[in-house]
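Read the figures in this text as sums done on the coordinates, not as results from a lab. Note that the structure is predicted; figures quoted are calculated from it, not measured. All Cβ positions, even for glycine, are placed from backbone atoms using ideal geometry, and neighbour counts span all protein chains on display.
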Amino acid sequence: MNQTQNPPVLKLSLQSTKEHGSTISYQVFGQPLRTAPIVLVNHALTGNSNLAGQNGWWKELVGVGKVIDLTVYTVIGLNIPGNAYPDKTNVITSDYKTFTTRGIAELFWQALDGLCITHLYAVIGGSLGGAIAWEMAVLRPKAISHLIPIATSLQASDWLIGNVLVQETLLSQSVKPVENARMHAMLLYRTPESLTQKFNKTYVDSENQYAVESWLQYHGSTLHSRYPLPAYKQMNYLLRTIGEGLTEEVITEFALESTSYIHCIAIDSDYMFTIKEQKETYKKIKKFKQHIDFHEIKSIHGHDAFLIEFDQLNSLLNNIF
């Protein structure tokens, strides 16, 4: 496998499931399958399996000589069915509300089974990807050596569920649904301090608007150009389902059975998955499990810091990889 160029997007047939996934697409980076420790990287809401290389969305972490070194590891990126990758036809036209994060985790394990992979050195993901990593670990508590959920939670909070409803309303009722929903989401992903540092009330005379307004509109139009409405609706709804079937008994059982070393990484200014709720998850599992750590990224940038603060993230991941 070429370690510097983007590998092809491959497809794998799955058994029939309630999530309607008959195939799942994926990419393999670095060392050939079954020749090196395997790392699964789960993508976030508008991400995909293209995680390394020139256009890779996590190329600062995954690559030759990077913290997740492609000369050492086999790295796999699985696409959530319906995420509009590798092309915009990959969307779910049936009821997207039949999809859940637990269902996606089941599909991911089924795909890995199809590749004859029964154990993973690490599963890592930020935001939605991290939530799916949690679900995968709960499903198979002895199949992952290192679980690394970043800027995410074991269960959706009322705050997150409320924001999913606002997003869904914008996606269902707006004249420009993707653009409008994305503008709202960007304010959830960042903080007031982050935007003040970036713009400081700069006014753009040629556009007759503030720079922050132009920035929000840019992100809205950019996402609209590459991301279909059905994909956004589905991925947004998945956030609502994070950990919805996890009872206290299930969480305790997982903590007792799990052989994974869990590395929780939170962002101190995260509005989407607050550091308080992530600390509560850590404490809940720590009661029954020794090998769990809690790490904190300090940033003014909020939730998006897991895509910005690469120096801190690299430092935290060095000891694992």
Distance (nanometres) between label positions extended 7 Å along Cα→Cβ at F199 and H119: 5.1 nm
Per-peptide average of other Cβ atoms within 10 Å, ordering 300-308, 117-125 highest first: 300-308, 117-125
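Assuming R0 = 22 Å, can you tell me the calculated FRET efficiency for the pair K284 and N319, based on Cβ-Cβ distance, to the nearest 0.05? Walk me through the numbers on the way to the answer.
Values: r = 24 Å, r/R0 = 1.08.
Efficiency at R0 = 22 Å is approximately 0.40.
Counting only DSSP beta bridges with both residues in the stretch 168-321, what percent are antiparallel, rounded to the nearest 5?
On the way: 2 of 8 bridges.
Looking only at bridges with both residues in the stretch 168-321, the antiparallel portion is about 25 percent.
For every helix of n ≥ 4 consecutive DSSP H residues, a contribution of -39,500 (n - 2.57) applies; sum these over the chain, divide by its total residues, and give [θ] at 222 nm rounded to the nearest 500 deg cm²/dmol.
Value at 222 nm, helices only, nearest 500: -12000 deg cm²/dmol.
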DSSP-defined beta bridges in the chain - what % are antiparallel, rounded to 5: 30 percent
Directionally averaged shadow of the chain, computed from the convex hull of its alpha-carbon atoms, nm²: 16.1 nm²
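In nm², what is the average projected area of the convex hull enclosing the Cα atoms of the stretch 163-321?
On the way: hull surface 47.0 nm².
In nm², the orientation-averaged hull projection of the stretch 163-321 is 11.7.
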Leading residue at positive end of dipole, the chain (Cβ point charges), from N90, A131, A266: N90
Calculated from backbone phi, Karplus (6.51, -1.76, 1.60) coupling profile of the stretch 304-321 in Hz, x at Gly/Pro: 5, 4, 6, 10, 10, 8, 6, 4, 5, 5, 4, 4, 5, 8, 3, 5, 7, 9
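Test of understanding: what is the full-extension gain from T93 to K142, defined as 0.36 nm times their sequence separation minus their Cα-Cα distance? Please list the in-between numbers first.
Details: separation 49, 0.36 × 49 = 17.64 nm, distance 3.53 nm.
Going from the current span to full extension adds 14.1 nm.
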Selection of trypsin sites (Lys or Arg not before Pro), the stretch 205-284, meeting DSSP coil and at most 15 other Cβ within 10 Å: none
Debye-sum result for the stretch 1-129 in log10 I(q)/I(0), which assumes one identical scatterer on each alpha carbon, at q = 0.09 Å⁻¹: -0.23
Furthest towards positive pole of dipole, V212, V166, N236, structure part the stretch 158-239, Cβ charges: N236
Distance between the stretch 36-55 and the stretch 241-277 - C-alpha centres, whole angstrom: 21 Å
DSSP-loop GluC sites (Glu not before Pro) across the stretch 193-233, with at most 14 other Cβ within 10 angstrom: E207
Amide N of the stretch 281-321 lying under 16 Å from the label point, which is placed 7 angstrom from the Cα of T222 along Cα→Cβ: 304-309
Span from the the stretch 104-174 Cα centroid across to the the stretch 177-231 one, whole angstrom: 26 Å
Label-point gap, in nm, between L187 and D293 - each point 7 angstrom along Cα→Cβ: 3.8 nm
